[in-house]
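Readers should treat all values here as calculations from the given coordinates under stated rules, not as data from a laboratory. None of these values were measured; they are calculated from a predicted model. Cβ: placed from backbone, ideal geometry, glycine included. Neighbour counts: every protein chain shown.
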Amino acid sequence: MPRHKKNQGRGFKNRRLAKKHLIDLPIASVSTPAAAEILDVSVRTMEEWRRTGAGPQFVRYSSRCLRYRIRELEKFQEERLVSNTIEAARLAV
């Protein structure tokens, strides 16, 4: 009988899985690694955005615990939605 591995990571390996399980919660929030996967960026990028204030808003529960709300991640994506490269260049400035 094979032994099943427990989910050792806190992040989601699949964005659809993250949304499927968390989007229905009243105030769904995820860790930095999970937020990075949802936005398809590195954890380091999330940390840099947090440091400079360029990224999505987050909730800090303590000095070592913070979470990103799913709705804030979606809002962050919507604010950066473009239809052509000229608009994209304006966002980059």
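Per-structure values
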read-out: Residue exposure sequence - Arg64, Arg71 - by fewest surrounding Cβ within 10 Å; value: Arg64, Arg71
read-out: Charge sum, other residues only, whose C-beta stays under 13 Å from Thr45's C-beta, Lys/Arg counted +1 and Asp/Glu -1; value: -1
read-out: Gain in span if fully extended, Glu47 to Ser83, counting 0.36 nm per residue against the direct Cα distance; value: 10.2 nm
